[in-house]
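Since every read-out is calculated from the coordinates, none of them should be taken as a lab result. Predicted, not measured: the structure shown is a model, and the values here were computed from it. Backbone-built Cβ (ideal geometry, glycine too); neighbour counts: all protein chains shown.
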């Protein structure tokens with residue numbers, strides 16, 4: 001992996017992680033176009049640069065994270081389903097990660113859902129993510145489990161879950177951002193632990209690439225979050241549904257034309 005490729009992947013991660021469009025699908029297309037060959041470090045890189053995007057949420061919403069312990073308890077409750085599901089079905093999840101077709105189909109199906117979500121959940125009553133009740137937090141956490149199917153999008157799944165629990169588009173998106181912090185931190189920590197347990201190490205140049213990817217992802221994610229909240233509050237999710245369908249079709253077209261796509 002070159003420095004330029006690390007920068008581009010950081011940009012892709014920063015833009016797509018918090019939008020309901022699947023960072024996995026975009027990583028597949030981006031890495032394929034750049035000719036990046038998947039290896040142990042590349043797989044580590046694509047997970048570890050999530051730390052930068054996590055930090056963007058903490059920085060943007062730091063006052064919310066200092067508000068009360070109740071805030072953290074709700075995040076823990078919402079995180080529990082994914083933690084249990086991930087431990088019980090890790091092998092099946094890993095198998096799904098080997099299938100770009102699964103990503104493409106999930107993108108298209110998720111896109112169809114986003115085309116109609118604003119009409120289906122049009123009676124939202126709660127505009128403050130801090131006021132999410134514990135049962136609602138748990139149910140949103142159950143929705144997050146759907147994101148273990150690559151291409152579903154963690155953001156999309158949790159936003160749909162939030163709107164199903166009568167959160168407004170803005171509140172559902174914000175709770176999705178907050179829930180990303182423990183979820184993505186746990187995923188990154190596990191990936192790093194597995195990397196070192198398997199006897200691998202990171203060279204000085206690779207640490208540099210990780211630093212670049214995280215810094216770029218952090219900056220881009222801040223811009224993406226601000227833009228997304230403003231846009232979705234005014235216009236809803238239909239445009240993201242259309243976009244997901246287009247990306248899913250592109251991946252299928254690449255596969256049908258003989259391209260060998262890899263999920264990093």
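If R0 is 22 Å, the Cβ-Cβ spacing of residue 238 and residue 70 corresponds to a FRET efficiency of close to 0.05. By the count of other C-beta atoms within 10 Å, a proxy for reagent exposure, 184, 163 are ordered fewest to most as 184, 163. Largest GNM mean-square fluctuation across 171, 221, 253, computed for the chain with C-alpha springs under 10 Å, falls on 253. To test your reading of the geometry: what angle, between 0 and 90 degrees and rounded to tens, separates the Cα axis of helix 154-164 from the longest principal axis of the chain? Here the helix axis deviates by roughly 10 degrees.
If I stretch the segment between residue 196 and residue 63 completely, what's the gain in nm (0.36 nm per residue apart, minus their alpha carbon distance), one decimal?
44.4 nm
At 222 nm, what helix-only mean residue ellipticity would the chain give, in deg cm²/dmol to the nearest 500, using -39500 (n - 2.57) for each DSSP H run of four or more? Please report the intermediate quantities before stating the final value.
On the way: 13 runs with 200 residues, N = 264.
After summing the helix terms and dividing by the residues of the chain, the value is -25000 deg cm²/dmol.
In plain terms, the C-alpha convex hull of segment 3-256 casts an average shadow of 13.0 nm² when viewed from every direction. Each 5 Å bin, from zero up to the one with the longest distance, holds this percent of the alpha carbon pairs of segment 37-95: 4, 14, 12, 19, 21, 15, 10, 5, 1.
Sorted from largest to smallest, which semi-axis lengths in Å does the alpha carbon gyration tensor of segment 124-264 give for its equivalent ellipsoid, taking the root of 5 times each eigenvalue?
Here the semi-axes work out to 29, 22, 16 Å.
Across segment 46-200, C-alpha contacts under 8 Å between residues 6 or more apart give a mean separation that, scaled by the residue count, equals a relative contact order of 34 percent.
Relative to the longest principal axis of the Cα atoms of the chain, the long axis of helix 3-16 lies at roughly 20 degrees. Most tightly packed first, judged by the mean number of other beta-carbon atoms within 10 Å of their residues, the peptides 59-70, 185-196, 206-217 read 206-217, 185-196, 59-70.
Relative to the dominant Cα principal axis of the chain, helix 204-235 is inclined by about 30°.
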